[in-house]
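Derivation of every value follows stated rules applied to the coordinates shown; laboratory data play no part. From a predicted model like this one, the values you see are computed outputs, not experimental measurements. Heads up, the Cβs are rebuilt from the backbone with ideal geometry, glycines too, and the neighbour counts pull from every protein chain shown.
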């Protein structure tokens, strides 16, 4: 199972790197090469198992996507790069924790469930973020505060529910 997780991690990071490079090639070749360099540095994590490099890799990928968005680059490439980068970051940390685990009971089922949740998160976040780029909603300050309060309340409930499931 470790080889499968390692392969999927490499595919996610590679896809994120290529998407960022494809987006930045429109602005300059140097920026595109810098994105490839960051991606290759992040791929070095797979060999050494250092989770901090994954944290920095995701940070720079998100920063680069924001910078590309401000430059008016193709949002599809940037969004796909961030979602694939997030999946690669998650799998990198999952691999580090998986290798450090003393016991691995139900190995296939645990990995399968994690990958299904990750796939759902990736597809859902890509669709939701893509939808927000197309939809324009106008409302006043009071409605913004009400919606923010509802969002905080629902997120808090969701986190409590996840914690109670993890403790059981």
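Results, tabulated for the structure shown:
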{"quantity": "Stretch gain in nm, segment residue 33-residue 74, where the contour uses 0.36 nm per residue and the Cα spacing is subtracted", "calculated": "13.0 nm"}
{"quantity": "Reported label for calculated Rg/Rh (Cα atoms, Kirkwood Rh) given (i) 0.98; (ii) 1.03; (iii) 1.18", "calculated": "(ii)"}
{"quantity": "Helical contribution to [θ] at 222 nm, DSSP H n ≥ 4, -39,500 (n - 2.57), averaged over the chain, rounded to 500", "calculated": "-30000 deg cm²/dmol"}
{"quantity": "Highest average packing first - 110-120, 138-148, 26-36, 85-95, Cβ atoms within 10 Å", "calculated": "85-95, 26-36, 110-120, 138-148"}
{"quantity": "Simple spin-label estimate for residue 117 and residue 103 in nanometres, 7 Å along Cα-Cβ", "calculated": "2.0"}
